[in-house]
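Please read the structure below before turning to the comments.
The values are calculated or read from the model by the stated rules, or taken from the named source; none is laboratory data. Source: prediction; values computed, not measured. Using ideal geometry, Cβ is built from the backbone for each residue, glycine included, and neighbour counts are taken over all protein chains shown. What goes into the accessible areas is simple: the full protein's heavy atoms, side chains included, and nothing from ligands, DNA or RNA. Shrake-Rupley method; radii C 1.70, N 1.55, O 1.52, S 1.80 Å.
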Amino acid sequence: MQFGVSYTLIIAAVLVLLNTYPLFVSESMVFRSKESAMMSAVSALVSSLSGLDRLNEENVSAAMFAAGEIGQSRVLVANAAGRILYDTRETRDALGNYVFYTELVLALSGNDVFTCVYEKGAFRSRAASPVLYQNQIIGAVYAYEYDRTQAALLEGLQSNLMRISVATGIGVLVLSLLLSAMLARKIGALLTAIREVREGSYSRRARIFGRDEIAQIGQEFNSLTDRLQKTETARRRFVSDASHELKTPLAAIRLLSDSILQTDNIDMGTTREFVSDIGAEAERLSRITENLLRLTRLDSGILDAPAPVEVLPVLEQVMRMMSLVAQEKGVDLTYHAEDNCVVSGTKDEIYQVFYNLIDNAVKYTPPGGAAQAVLRREGAEVVFKVEDNGGGIPEEDLPRIFRRFYRVDKARSRAAGGAGLGLSIVSDMVTRRGGTIEADNRFLGGAVFTVRWPALDAT
Ligand code: ADP
């Protein structure tokens, strides 16, 4: 409705301008043309009187007669004292009197005067000039014109403009009312959809009519809601997956502690075994919560400020620990590394990437197998590759391997202590620093993971 009101105000202003400006311009054009016509008529009369040393009724009448008809409504000639010596009006009622028209008085004091007014449907123009003899004012000529013809033309223009304005005004008013009702309806529909989504109905979409700006806002709103819905679904899945993952070790802890409590005469050996299982489950819980916290931090987009990180010492640190784990399991873990590898990030991130990938290689390779890590600089990239000769990853699972909580073999992975979070954390960390990660299977069996970071030059 507000649109309608503002349109109407703008149109009203335009119409007022249309009804005043052209009239004002034409009126002043008429004034100017009258001025030049009347002043030249008066000066013609003045020049027909020039040469007379004194003015009296006879010589003025004779001179005026000689000058002929000049087409004015009335002409008066006065002497220096202001007495009228000549009057063209039929009644000649001014003759012999002292008539003090302002214009005449001004002319007698030496001025050329012109005035014109437009009133009551007529232009009334008055012009007067002094008559001089040897630089002495001996009288003045005054002319008056009453013109209805031009005034009628002006009135015609005025009433035409008025008619056009009224018609345009009504048309615009109707159109703007229609338009604003239409806009109000569209915006109203959009607002309803926005409110419903705000209240939590994420499946609600705005209906879109036409292709105007409001339709575009509707489309933008719908794609925003799409994203919102996806984020909401992902959030719910995350929460339910996370609680599920936390529930499993908690249930195990409860089961084990109940068994200890409820078994009569439980021997020391069994108790120790159960308590050590409880410890392992608690450790798993803390690993999962740590990973969940890491993911939440990554999701919130808060990244620690990156700095150049020398990668080799971090890899050596991970290898020192992982080689013990590998040795215990009977997996042959080796590595080759170059030392001019510097990337942008934080030590902790790089540590997590190396740790998770090497840990997986050892975890998913049976005893007697082998795993190898290679770190090298390839042109503008730092490349880190981990390969093993374990069971590899089924081809159909390769595209899903980096998703949260995704595990190829749930039972095996859980037994190995995993919750399906490691690779998703690794991939987030790598991509957020401008790198890439790929998973593949080796031709001879086993998995291979390749990480590429943009390389920085060693300082
Ligand atoms: P998890 O904590 O279960 O190991 P990850 O996200 O690290 O979770 O890995 C996801 C899944 O990818 C694992 O459950 C496993 O099935 C598979 N996977 C990861 N690395 C390897 C590997 N080197 N060899 C075979 N399978 C692997």
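For region 2-154, a crude dipole built from +1 on the beta carbon of Lys and Arg and -1 on the beta carbon of Asp and Glu, taken about the Cα centre, is about 260 debye to the nearest 20. Sparsely packed loop sites in region 54-116 (the trypsin sites (Lys or Arg not before Pro) outside DSSP H, G, I, E and B with at most 15 other Cβ atoms within 10 Å) comprise 54, 89, 92.
Spacing of the modelled spin labels on residue 302 and residue 164, each 7 Å from Cα toward Cβ, amounts to 6.8 nm. Normalising the average separation of contacting C-alpha pairs (under 8 angstrom, six or more residues apart) by the number of residues puts the relative contact order of the chain at 10 percent. Relative to the longest principal axis of the Cα atoms of the chain, the long axis of helix 422-432 makes an angle of roughly 40 degrees. These residues, 407, 433, go from largest to smallest accessible area, 1.4 Å probe, as 433, 407. Can you tell me the FRET efficiency between residue 257 and residue 207 if r is taken as the Cβ-Cβ distance and R0 is 60 Å, rounded to the nearest 0.05? Once rounded, the FRET efficiency stands at 0.55.
Couplings for region 183-188, taken from phi via the Karplus curve 6.51 cos²θ - 1.76 cosθ + 1.60 with θ = phi - 60°, read 4, 4, 5, 5, 5, x Hz in order; Gly and Pro are left as x. Database remark: amide H of residue 332 closer than 5 angstrom to the amide H of 368, 369, 370, 371 (H placed geometrically; neighbours at sequence offset of 5 or more, or on other chains; Pro and chain starts carry no H). Using R0 = 56 Å, the C-beta based FRET efficiency linking residue 199 and residue 275 works out to 0.65.
Excluding same-chain neighbours fewer than eight residues apart, the lysines reachable from residue 34 by a Cα-Cα span under 27 Å are 120.
Among residues other than residue 350 with Cβ under 10 Å from its Cβ, the summed charge is -1 (Lys and Arg +1, Asp and Glu -1).
Can you check what the net charge comes to around residue 270, using other residues whose Cβ is under 13 Å from the Cβ of residue 270 (Lys, Arg +1; Asp, Glu -1)? Overall, the nearby charge balance is -3. A straight Cα-to-Cα reach below 22 Å connects residue 247 with the lysines 410, residues fewer than 8 places away in its own chain not being considered. With semi-axes defined as the square roots of five times the eigenvalues of the C-alpha gyration tensor, the equivalent ellipsoid of region 74-213 measures 74, 17, 10 Å, largest first.
Pairwise Cα separations in the chain fall into 20 Å bins from 0 onward with the following percentages, short to long: 16, 23, 14, 11, 12, 14, 8, 1, 0.
The angle separating the long axis of helix 268-299 from the principal Cα axis of greatest extent in the chain is about 20 degrees. Taking chymotrypsin sites (Phe, Trp or Tyr not before Pro) across region 1-107, the ones in a DSSP loop with at most 14 further Cβ atoms lying within 10 angstrom of their Cβ are 100. When GluC sites (Glu not before Pro) are flagged only if DSSP places them in a loop and at most 11 other Cβ atoms lie within 10 Å, the longest unflagged stretch of the chain comes out as 200-459. Working note: 222 nm ellipticity from helices only, DSSP H runs with n ≥ 4, each -39,500 (n - 2.57), summed and divided by the residues of the chain, gives -19500 deg cm²/dmol to the nearest 500. The accessible-area ordering, largest first, of the residues 120, 247, 186 stands as 120, 247, 186, per a 1.4 angstrom probe. Extension gain, residue 65 to residue 397, is 107.4 nm, computed as 0.36 nm per intervening residue step minus the present C-alpha separation. Straight-line cross-link partners of residue 385 among the lysines, defined as a Cα under 24 Å from its Cα and at least 8 positions apart when in the same chain: 329, 347, 363. With a simple spin-label model that places each label point 7 Å from the Cα along the Cα-to-Cβ direction, the separation between residue 137 and residue 89 comes to 2.3 nm.
The C-alpha atoms of the chain define a longest principal axis, and helix 347-363 lies at about 40 degrees to it.
Once you reduce region 311-340 and region 1-79 to the center of their Cα atoms, the two points are 108 Å from each other. The 1.4 Å probe gives accessible areas that order 397, 264, largest first, as 264, 397. Coupling constants for region 168-175 follow from the phi torsions by the Karplus curve (6.51 cos²θ - 1.76 cosθ + 1.60, θ = phi - 60°), and in residue order they are 4, x, 5, x, 5, 4, 4, 4 Hz; glycine and proline get x. The charge dipole of the chain, taken about its Cα centre with unit charges on the Cβ of Lys, Arg, Asp and Glu (plus for the first two, minus for the last two), comes to roughly 1140 debye. The calculated FRET efficiency for residue 246 paired with residue 332, based on their beta-carbon distance and R0 = 45 Å, is about 0.80.
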